[in-house]
Amino acid sequence: MKRTDITALFPNATDEQIKQIMDLNGADINRAKGDLEAVKADNAALSAALEAAKTAGVPEDELKAIREKADTLQAELDGMKQAEALRLMREKVSAETKVPASLLTGDTEEACAKQAEAILAFTKSSGYPAIRDAGEPQLKPITKADILAIENEKERLKAIREHIDLFTKGD
């Protein structure tokens, strides 16, 4: 992530805020590189131990355990490489579309680009309707004329009973 990417995403960001974002991103990258280097070192050490064991006459069951551990570490290393490639791809799409990378979940650049388009379209649409009254239903008060307009006699009589005060007031 570059300073220009952050400025493009957050045009009103101050230099201090941009520096903090860059520091956080740098720390994440360094942590991932450190993890990657540690796994590489473990893998190299186990591979060396395996080769040394082959020439030293180590029992087959120990060699098998070393191979399994090396395979496990290699799988972990491959997973970290894949996760890093995915993160970098999402950051690229984020920089191009101005949609935060944390909102992108696609596994391909095309899928992330489509997600970004959908997110941008949603943010430009009205989204949820604006509610002036905090969501409380605003019912129109029923009038005597409304009740008398009910065509079904049973419903009309029921409404009269429920709103008898409309019919007993002096008009």
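Can you give the convex hull volume per residue for the Cα atoms of the chain, as a whole number of Å³?
Details: hull volume 49.6 nm³, N = 171.
Per-residue hull volume (Cα only) is 290 Å³.
Compute the distance in nm between two label points, each set 7 Å from the Cα along the Cα-to-Cβ direction, one at Asp15 and one at Lys81.
Modelled inter-label distance: 4.1 nm.
For the chain, modelled as a GNM with alpha-carbon contacts under 10 angstrom, which of Pro59, Pro141, Pro11 fluctuates the most?
Pro141
Out of every Cα-Cα pair in the range 5-51, what percent are more than 11 Å apart? Intermediate values should be presented prior to the final figure.
On the way: 770 of 1081 pairs.
Looking at the range 5-51, the distances longer than 11 Å represent 71 percent of pairs.
Read-outs: derived from the displayed coordinates by stated rules, not from any lab. Given the structure is predicted, the values throughout are model-derived calculations rather than measurements. No Cβ is skipped: glycine too gets one built from the backbone with ideal geometry, and neighbour counts run over all protein chains shown.
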